[in-house]
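All remarks here apply to the structure that follows.
The values are calculated or read from the model by the stated rules, or taken from the named source; none is laboratory data. Remember, predicted model here, so these are calculated numbers, not experimental data. Virtual Cβ from ideal backbone geometry, glycine too; neighbours counted across all protein chains shown. Note: accessible area is taken over every heavy atom of the protein model, side chains too, but ligands, DNA and RNA are not part of it. Shrake-Rupley method; radii C 1.70, N 1.55, O 1.52, S 1.80 Å.
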Amino acid sequence: MDITGAFNAVLYFAAVIYTFAFVLYGVRAIRGPTTADIILAVDCLSFDMAAFMVILGIYFKSIMLASGAIILALWAFMLDIYYTKYVLYGEVEV
Amino acid sequence: MIASFFIFYITVTLFAIILLGIYGLVTRSNLIKKIIMLNIMGDGINMLLILIGYRFVFPVFPPIYEKHVTFEEFLARAVDPIPQAFVLTAVVIGMAMNILLISYAIQFYRLHGTVDARDIAEIMGGKSK
Amino acid sequence: MNPLKRFSPGTFAAVLAVYLFYTGSVSKYDLITGFIVALIVSFLIGHWLIENDLKLLSPKRWFYAALYGLRYFLVEETKTHIDVAKRIFTLKANPGIIRIPLDVESDYGKVLVANSITNTPGTVVIDISDDGKWLYVHWIDVSTLDEEEIKRKVIAYFEEYAKRIFD
Amino acid sequence: MQELHLIILAIVVSFGFVFSYLAMKEHDLLKALALSSVQSTFFALGFYILAAPDIVLAYLAIAVGAYTALVILAISKTERYEVGE
Amino acid sequence: MKRDVFVSISFLMAFLLISYAITVKDVLGMAENPLRPLGGFYLRHAFAPSNLTSHSPEVVTAIVWNYRGFDTLFETFVFFLSIMGALSIFRLTEEQEKEARSLESREPHRHMDLITRATTKLVVIMIVSISASIALHGHLTPGGGFQGGSAMAVAALLLFAAFSKFTLERKGLTLGHVITAYAFGLALILATAIAPVFLYDGRLLQINLLPGETGLLNLDVGEYIAVTFGFLMVFLVLGISEWIFKVILRGEIE
């Protein structure tokens, strides 16, 4: 079997699975009864998005486009910390 | 054929997002909410500008010259760099505008205890509806 | 504080490594700019990230870290995944929050233990006490309340390795 | 091949529309901010598909990072709930 | 109520009109998207071997700082003005500042727990070196001064949230130092913009007279410093607690 074809098939499969995961996280983000649920959904969505970006980068054979993924994974961390601090203390900085 | 359908779908949805942003900006009365909607509108506009500069060819290149492609191929496949430069400026200016608007809102809340546009109209002597 | 005392070779190496990794190329320009950036960062906040650089040089710690990684990702993850998958199908769960004493001294050791616990399915670290001596863990199956037993079941071998790697 | 880009872009834009509508309807500002940051994340993917890595870097840092922090700060200093009609 | 109906109907009309214009008339020219002539010019000349070159394979940075350099220069000043506006809104007189300091000393340090702090240290180091990489490689790979600066600002925000503001102020990140660093960044940009006039008898911002890629690199680094410390300044001022401001401003209102 052609190795490139098999590789492409795996990539397609992964992309479809990730799109499905977006939908599931999206449902949680829409329905989530508390704000914490929404934030958790946003967090997971961001990390999934980062992985999806890397997959697309492999598919387009362009390493330049993969730099955004690392950044996105780091920024989601910051979003969580800010939300947590707001819930814990009511005041973000200080 | 199917490609042109998707192009039209994307463009129309982007316009819908822009109009939604304007609608929220007009009808919501909380100032912070207005700022959020303003940003959504700005995002839609930025995306539309980038889409106008996009090329519908398959291996599409970002406007960065890499050594392993020939110059002719690069010219044939790279997207238009001008909208990207515009949008880069717009994103940063948008953030500067956000800083200014949010500091206005916070200071107004400190002085008068409200960020609701209707209450602001009353405080400033106008008539609220 | 004496600026020379602040300098930390460990931070220098870490910053240079991340810089080159992100850039994705090793040319003369990259090496020079990366060197300058790493120098600035490690002089400004070097002592703050890594307190004792000598620990980085010990090969025993690196060996244990590699061993821990292998054992954790190959053995423990598989075991707990199978366990939780079984619980999903049989609907047997007895969730609750427990308190676990910690013996590790260093901060990074505590972080390693806490993150290892959170990463295995079924257990989530909720809080750590202010002095860093107690972990509060949500556990899917509170089968026992005995402290030793809990420690053996939840922490397993994480703490021994954390002590060997970081203390 | 070309269609794949456009399909992903269509999905991204649809998600963006849905989440911006929800953000408009939400009265809890913190939830609205979280929903609008979902929209920002999807738009970042959209910029990425549109071959604009420069914009992706700037947009991610600003729209997901700094802007969110700034608005959370503003919410913590003012009111969390929007007064209804 | 009546107003809402009017607004909704007018928006629906606008939407239908735009949809008609796009789908039937194709006003944006999306159906087949050729490269526009000006874009082609920039693509062709940004890294050409002969004249009109800006020595940069990254065409966006070349446009932003070289072909449309004045635009970006004034954009930097717009950014500067907005930050100065925010600072002047939150300004305090000298006595008020002293009062704020004394009130702040009584406030608890709300830092987060041990795990978050230790993780934040690692993440911050990563963000700092990545942002430096983005900024210094602005003219070779995607990135540039703005991107790196905003990334670095996010690192500072993380530090603010995980540790407390007072911890950083004790370590020397006070408002005075931050303003000094911001001024340094702006000075670097201005010096690079003016340098060709004195050194090579050129025009203002004619940075391709400078040897190699020095001009682009300098502008990127200056922008990096300026954007980082500009954001940081705003967040340092916004970080003062709300009750302190209420105590201080009460005297002013009454």
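If you count only protein heavy atoms with a 1.4 Å probe, what accessible area per residue comes out for region C:9-167, rounded to a whole Å²?
58
DSSP loop GluC sites (Glu not before Pro) in region E:5-112 with at most 16 other Cβ atoms within 10 Å of their Cβ, which ones?
E:32
Counting only other chains, what is the mean number of Cβ atoms within 10 angstrom of the Cβ of each residue in peptide B:11-23?
Other-chain Cβ atoms within 10 Å of each residue's Cβ, averaged: 6.
Ignoring ligands, DNA and RNA, how much accessible area is buried between chains C and E, both sides summed, with a 1.4 Å probe, to the nearest 100 Å²? Walk me through the intermediate numbers first.
Details: alone 11160 and 16160 Å², together 25210 Å².
So the total buried area for this chain pair works out to about 2100 Å².
Cβ under 12 Å from residue C:95's Cβ, residue C:95 left aside: what net charge do those residues give with Lys, Arg +1 and Asp, Glu -1?
Within the 12 Å Cβ shell, the charges total +1.
Just tell me how shielded E:108-121 is by partners: mean number of partner chain Cβ atoms within 10 Å of each residue's Cβ, no decimals. The partial results should precede the final answer.
Details: counts 2, 1, 8, 2, 5, 8, 9, 12, 7, 2, 10, 6, 3, 7.
Rounded to a whole number, the mean comes out at 6.
Mind grabbing the accessible area of residue E:26 for me, 1.4 Å probe, Å², rounded to tens?
50
Per residue, how much accessible area does chain A show when a 1.4 Å probe rolls over the protein heavy atoms, in square angstrom?
Ligands and nucleic acids excluded, the result is 46 Å² per residue.
Counting protein heavy atoms only and a 1.4 angstrom probe, how many square angstrom of accessible surface do chains E and B bury in total, to the nearest 100? All intermediate terms of the calculation are to be shown ahead of the outcome.
Values: alone 16160 and 9630 Å², together 21080 Å².
Interface area, both chains combined: 4700 Å², rounded to the nearest 100.
Cα-based Rg of chain D per 2.2 N^0.38 Å, rounded to two decimals? All intermediate terms of the calculation are to be shown ahead of the outcome.
On the way: Rg = 14.8 Å, N = 85, 2.2 N^0.38 = 11.9 Å.
So the Cα radius of gyration is 1.25 times the expected 2.2 N^0.38 Å.
Need the list of aspartates and glutamates near residue B:67 for cross-linking: C-alpha distance under 15 angstrom, and skip anything on the same chain fewer than eight residues off.
By straight Cα distance, residue B:67 reaches E:58.
Could you give the distance between the Cα centres of region A:5-23 and region D:65-82, to the whole Å?
37
Under the rule of -39500 (n - 2.57) per DSSP H run of 4 or more residues, summed and divided by the residues of chain E, what mean residue ellipticity at 222 nm is obtained, to the nearest 500 deg cm²/dmol?
Taken over chain E, the calculation gives -22500 deg cm²/dmol.
Ignoring ligands, DNA and RNA and using a 1.4 Å probe, state the total buried accessible area between A and D in Å², rounded to the nearest 100.
Summing both chains' loss of accessible area gives about 3200 Å².
Counting only protein heavy atoms and using a 1.4 Å probe, what share of the accessible area of the protein assembly as shown belongs to carbon plus sulfur, as a whole percent?
Ligands and nucleic acids excluded, carbon and sulfur give 67 percent.
Note down the relative contact order for chain A as a percent, whole number, built from C-alpha pairs under 8 angstrom at least six residues apart.
On the way: 60 pairs, mean separation 21.2, N = 94.
Answer for chain A is 23 percent.
Any idea how far the Cα center of region C:1-37 sits from the one of region E:123-200, in Å?
17
Between E:54, E:19, E:150, which gets the highest mean-square fluctuation from a Gaussian network model of chain E, Cα cutoff 10 Å?
E:19
Give me the distance between the Cα centres of region B:38-82 and region D:23-47, rounded to whole Å.
Value for the Cα centre distance between the two parts: 25 Å.
Show me E:61-71, D:3-13, C:62-72 ranked by packing, highest mean number of other Cβ atoms within 10 Å first. Working shown, then result.
Details: E:61-71: 22.8, D:3-13: 18.8, C:62-72: 14.1.
The peptides rank, most packed first, as E:61-71, D:3-13, C:62-72.
How far is it, in nm, from the label point at residue C:13 to the one at residue E:7 when both lie 7 Å from their Cα along the line to the Cβ?
According to this spin-label approximation, the distance is 6.1 nm.
Just to be sure I understand the model, the point goes 7 Å from the Cα along the line to the Cβ. What's the resulting residue B:124 to residue A:7 distance in nm?
6.1
Among the residues of region B:33-48, which ones have their accessible area go down by 50 Å² or more when all the protein chains sit together, as opposed to their chain alone (1.4 Å probe)?
Buried by 50 Å² or more upon assembly, which counts only protein chains, are B:33, B:36, B:40, B:43, B:47.
In a GNM of chain C with a 10 Å cut-off on Cα contacts, which of C:90, C:144, C:123 has the highest mean-square fluctuation?
Ranking C:90, C:144, C:123 by mean-square fluctuation puts C:90 first.
Taking chain E as a Gaussian network, where each spring joins two C-alpha atoms under 10 Å apart, which residue of E:37, E:142, E:57 fluctuates the most?
E:37
For chain E, return all DSSP H helices satisfying: extent of Cα atoms along own axis at least 18 Å; mean Kyte-Doolittle hydropathy at least -0.5.
Passing helices, by number: E:2-20, E:69-89, E:114-136, E:145-162, E:175-199, E:214-238.
Taking only DSSP H segments of four or more residues, each worth -39500 (n - 2.57), what value at 222 nm results for chain A once the sum is divided by all its residues, to the nearest 500 deg cm²/dmol?
Numbers: 3 runs with 78 residues, N = 94.
Value at 222 nm, helices only, nearest 500: -29500 deg cm²/dmol.
Sort B:100-111, B:12-23 by the packing proxy (mean of other Cβ within 10 Å over each peptide's residues), most packed first.
Values: B:100-111: 18.8, B:12-23: 20.2.
Ranked by mean Cβ neighbours within 10 Å, highest first: B:12-23, B:100-111.
Tilt of helix D:29-49 relative to the longest C-alpha principal axis of chain D, in degrees (0 to 90, nearest 10)?
So the inclination is approximately 10 degrees.
Just to confirm the number: angle between the C-alpha axis of helix A:67-89 and the first principal axis of chain A, 0 to 90 degrees, nearest 10?
20
Could you state how much accessible area residue E:128 has, in square angstrom rounded to the nearest 10, with a 1.4 Å probe and all protein chains kept in place?
Here the accessible area works out near 20 Å².
Using the structure shown, select from A:85/C:151; C:110/C:151; C:163/E:165; E:121/E:171; A:61/E:121 the pairs with a Cα to Cα distance greater than 25 angstrom.
Where the Cα-Cα span goes over 25 Å, the pairs concerned are A:85/C:151; C:163/E:165; A:61/E:121.
Across the residues of E:69-75, average count of Cβ atoms on other protein chains within 10 Å?
What the average comes to for E:69-75 is 2.
Provide the per residue accessible area, probe 1.4 Å, for region E:67-253, rounded to a whole number of square angstrom. Please list the in-between numbers first.
Values: 7390 Å² over 187 residues.
Normalised by residue count, the accessible surface of region E:67-253 is 40 Å².
What do you reckon, how do C:103, A:37 stack up by accessible area (1.4 Å probe), largest on top?
On the way: C:103 80, A:37 50 Å².
Output order, biggest surface exposure first: C:103, A:37.
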